[in-house]
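One structure is given here, and the rest of the page talks about it.
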Amino acid sequence: MYVDSPSRLIPPQEVGETYVVGSKIGKGSFGEVFYCKDSTTGEDYAVKFEPVNNKYQLLAYEAKVLKYIQNREGFPRVFFSGREGHHHALVIDLLGPSLADLFAMRGTFERKTVLMMAIQMLDRLKCLHTKHMIHRDIKPANFTVGKGRKANTIYMIDFGLSKKFRDPKTDQHIAYREGKGMVGTVRWASLNAHLGMEQSRRDDLESLGYVLIHYLKNEPLDYKSKSARSKRIMQKKKSVPIEEVCRGLPDCIHQYMKYCRGLMFEARPDYSYLKDLFLEEMERGCAEGIMVNDGIFEWTSLVNCDGQPGDPMICPIASQMQAGNMSAGIFNEDPAKENCSWRALASVREEAEDTHPEPGCAIASNQPNTAKAKPGGRKQGCSSSFLKIFSFGRFSRKKPEDGMQ
């Protein structure tokens with residue numbers, strides 16, 4: 001039964017007459033996630049719950065999106081979706097920690113890791129866009145790694161704000177519009193999203209660029225200016241030239257951001273060109289002897305465990321997840337219980353306090369909206385002014401105005 005607020009959600013003991021609900025993994029923006037086990041096979045899964053009396057119903061929509069892109073590499077599979085008592089439930093693959101979790105634990109990512117991440121994350125975006133969908137909330141917490149043999153695979157998650165940008169039957173692109181509310185997370189949103197423009201494929205790509213810049217700069221996050229809002233972040237993105245943003249970073253990042261910012265609204269991105277930028281940078285690094293292209297991430301030894309995930313000697317990260325300290329992209333609601341750095345603690349506070357939907361959400365019933373869209377340490381030389389984009393400002397998650405077609 002749902003009691004008072006999402007932070008006190010009490011889940012059913014069983015889902016779909018098969019999945020036995022276990023301990024809580026963590027808390028998201030509109031619901032909570034728990035471990036569950038298939039009583040017939042003994043396999044472990046994750047189950048997301050959303051109270052049926054939530055003002056904004058996103059879980060049914062997310063289930064529909066995941067089913068639409070089912071069986072693609074790097075996307076969680078759906079095993080059950082439906083209503084269970086006072087909740088909507090969604091059973092999916094149990095994944096490893098998010099990129100945000102991993103960065104919080106390690107405090108830095110090697111250049112090789114960021115380049116490998118970029119290649120896989122581009123593949124995920126290309127796959128999603130090929131299915132006529134845009135994500136609209138690209139950020140580190142919405143990419144996780146797999147478990148066991150899938151520790152080197154990056155997964156894209158959280159499709160509650162995604163939207164179809166094109167009619168799959170006619171290939172008709174949605175119309176360009178202005179004056180729209182911000183949809184997504186302020187810190188990682190594209191400049192056009194800040195300016196109230198209809199989002200398209202270019203905006204997902206630009207958001208990914210901000211994630212890569214953040215990880216390459218390895219700049220500690222400063223949360224002293226939490227009162228700053230979206231407008232201040234937008235002004236920084238608008239006023240600081242891309243050349244200054246990417247100063248001191250590999251040239252591939254500059255070329256990537258320049259390309260993304262130059263895309264027209266309906267333009268089909270050249271994913272191969274963007275991917276080659278990062279592949280060529282890796283080749284240069286290998287030739288210079290500063291990295292090895294072995295396909296192994298620096299965190300692989302921490303999450304690639306075939307033993308019991310609760311054994312800290314076998315798998316430290318899985319042990320924390322089992323204990324409820326971490327999750328695939330989300331934290332517990334009590335930051336005091338987190339066994340991670342101050343950076344992660346600040347992150348969870350902002351995520352919990354500042355992620356919210358926009359009033360008038362189109363998905364406000366038990367069924368997803370089916371209305372059709374109208375056709376239509378810091379590196380030397382890094383820009384200190386642009387780093388403030390990642391230093392102040394709140395997360396602001398807003399509604400999906402239009403659902404899947």
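The order of the peptides 234-240, 199-205 by mean Cβ neighbours within 10 Å, most packed first, is 199-205, 234-240. Each residue of the range 192-198 was assigned a 3J(HN,Hα) from its phi angle through the Karplus curve 6.51 cos²θ - 1.76 cosθ + 1.60 (θ = phi - 60°); the sequence is 5, 5, 4, 7, x, 8, 4 Hz, with glycine and proline shown as x. Taking a sphere under 13 Å around the Cβ of Glu50 and counting the other residues whose Cβ falls inside, with K and R at +1 and D and E at -1, yields a net charge of 0. Judged by the gyration tensor of its Cα atoms, with axes a ≥ b ≥ c, the range 6-93 is oblate; a/c meets the 1.5 cut and b/c is at least as large as a/b.
Compute the signed sum of charges (Lys and Arg +1, Asp and Glu -1) over the other residues within less than 9 Å, Cβ to Cβ, of Cys127. Summing Lys and Arg as +1 and Asp and Glu as -1 gives +2. Judged by the gyration tensor of its Cα atoms, with axes a ≥ b ≥ c, the range 228-283 is oblate; a/c meets the 1.5 cut and b/c is at least as large as a/b. Across the range 256-262, coupling constants 3J(HN,Hα) worked out from phi with the 6.51/-1.76/1.60 Karplus curve, θ = phi - 60°, read 5, 5, 4, 5, 4, 5, x Hz, and Gly and Pro carry x. For the residue pairs Lys37/Lys126; Lys37/Lys275; Lys48/Lys163, the alpha carbons lie more than 30 Å apart in Lys37/Lys126; Lys37/Lys275. Seen through its C-alpha gyration tensor, with square-root eigenvalues sorted a ≥ b ≥ c, the range 56-117 comes out prolate because a/c lies at 1.5 or above while a/b is bigger than b/c. Averaging Cα coordinates gives a centre for the range 106-131 and one for the range 27-104; these two points are 22 Å apart. Normalised by the number of residues in the range 108-177, the mean separation of alpha-carbon contacts (under 8 Å, six or more apart) gives a relative contact order of 29 percent.
Only the Cβ atoms of Lys and Arg (+1) and of Asp and Glu (-1) were treated as charged; on that basis the dipole of the range 135-197 about its Cα centre amounts to roughly 240 debye. Stretching the chain fully between Ala287 and Thr41 yields a gain of 83.8 nm (0.36 nm per residue, less the alpha carbon separation). In the range 6-93, a dipole from Cβ-located charges (positive for Lys and Arg, negative for Asp and Glu) runs towards its positive end, and of Val15, Tyr61, Leu90 it is Tyr61 whose Cα lies farthest in that direction. Each peptide in 96-108, 77-89, 134-146 receives the mean, over its residues, of other Cβ atoms within 10 Å, and ordering these scores from highest gives 134-146, 96-108, 77-89.
Readers should treat all values here as calculations from the given coordinates under stated rules, not as data from a laboratory. None of these values were measured; they are calculated from a predicted model. For neighbour counting, all protein chains shown are included, and Cβ atoms are generated from backbone atoms with ideal geometry for every residue, glycine included.
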